[in-house]
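> Okay, handing you the structure first.
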Amino acid sequence: MTDRNELRAEIEIDADPDSVWAVLMDFEAYPEWNPFIQPIDGSQVVGASLRLRIQPPDSRGMTLTPHVIVVEPGRAFGWLGSLGIRHIFDGAHRFQLEPIDGGRRTRFVQSERFRGVLLPFVRRSVLPPTLRGFKAMNLALADRVAAMKVSPA
C-alpha cells in the first residue's frame with residue numbers, strides 16, 4: 001500500500017508492453033488464468049459500463065458495474081466503480097504498463113484509490129484481501145504472458 005486509501009502492486013514481466021496488453025485486454029480469456037477478476041464483460045472504451053466480479057483470496061467476492069475512465073492502448077486501462085450510490089465507497093482502479101529494458105520488458109502496476117464515507121469502516125476488512133488479489137492476478141498475468149510467448153494461440 002502506498003497510503004491508507006490506495007493499494008498498489010507491481011511486477012516486472014519478461015515481455016514487451018504490447019504482449020502484456022494483449023493478454024490483459026482479452027477479457028473473454030480471464031476465466032482461464034485470472035484468479036482475482038472473473039468474469040469481466042463490457043466495451044473497452046471510455047464511458048462504457050463493465051460488469052465484473054472480483055474474488056479476493058480468502059474473502060467474499062463482489063460484483064461491480066464500474067465505468068471505464070482510461071484507455072491508453074499498450075499503456076493504461078482503468079475504471080471507476082461505486083458500491084451502490086457514488087461517494088459511499090468508490091474505487092478508481094488502474095492497470096499501468098511501463099516499458100523497461102528498452103521496451104523488451106514491462107513493469108505492470110495494478111492500483112486502486114478508494115474514497116467514500118464507508119472507507120474508514122471497511123478499510124481493514126476490504127483493502128488487505130484486495131491487495132492479495134492484486135498480487136495473485138499480477139503473478140498469474142506474468143505466467144499467462146510467458147505461456148503465450150512459448151506457444152502463441
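> Could you tell me the calculated FRET efficiency between Thr63 and Arg4, based on Cβ-Cβ distance and R0 = 35 angstrom, to the nearest 0.05?
Using R0 = 35 Å, I get an efficiency of 0.85.
> Where the accessible area of region 25-153 is counted over protein heavy atoms with a 1.4 Å probe, how much of it, in %, is carbon and sulfur?
56 percent
> Between Asp18 and Ser125, what length comes free when the chain is fully extended (0.36 nm per residue of separation minus the Cα-Cα distance, one decimal in nm)?
35.0 nm
> Report the residue, chosen from Pro120, Pro35, Pro129, that carries the largest GNM mean-square fluctuation when the chain is represented by alpha-carbon nodes joined by springs under 10 Å.
For the chain, modelled as a Gaussian network with Cα springs under 10 Å, the answer is Pro120.
> Oh, and also: Specify the angular offset, from 0 to 90 degrees and rounded to the nearest 10, of the alpha carbon long axis of helix 119-150 from the longest principal axis of the alpha carbons in the chain.
Orientation of helix 119-150: about 10 degrees from the principal axis.
> In the set (1) 68, 37, 23; (2) 45, 28, 27; (3) 47, 33, 21, which value of Cα extents along the principal axes in Å was calculated from the structure you see?
(2)
> Just the number please: accessible area per residue for the chain, 1.4 Å probe, all protein chains included, in Å².
That works out to 53 Å² per residue.
> Indicate the gyration tensor shape class of region 1-83 (rounded, prolate or oblate), computed on the Cα atoms with a ≥ b ≥ c the square roots of the eigenvalues: a/c under 1.5 is rounded; otherwise a/b larger than b/c is prolate and the rest oblate.
In terms of gyration-tensor shape, rounded.
The values are calculated or read from the model by the stated rules, or taken from the named source; none is laboratory data. Everything numeric here is computed off the predicted structure, so don't read it as measured data. When we count neighbours, we look across all protein chains shown, and the Cβ atoms used for this are built from the backbone with ideal geometry, even at glycine. Protein only, heavy atoms only, side chains kept; ligands, DNA and RNA dropped before computing areas. Shrake-Rupley method; radii C 1.70, N 1.55, O 1.52, S 1.80 Å.
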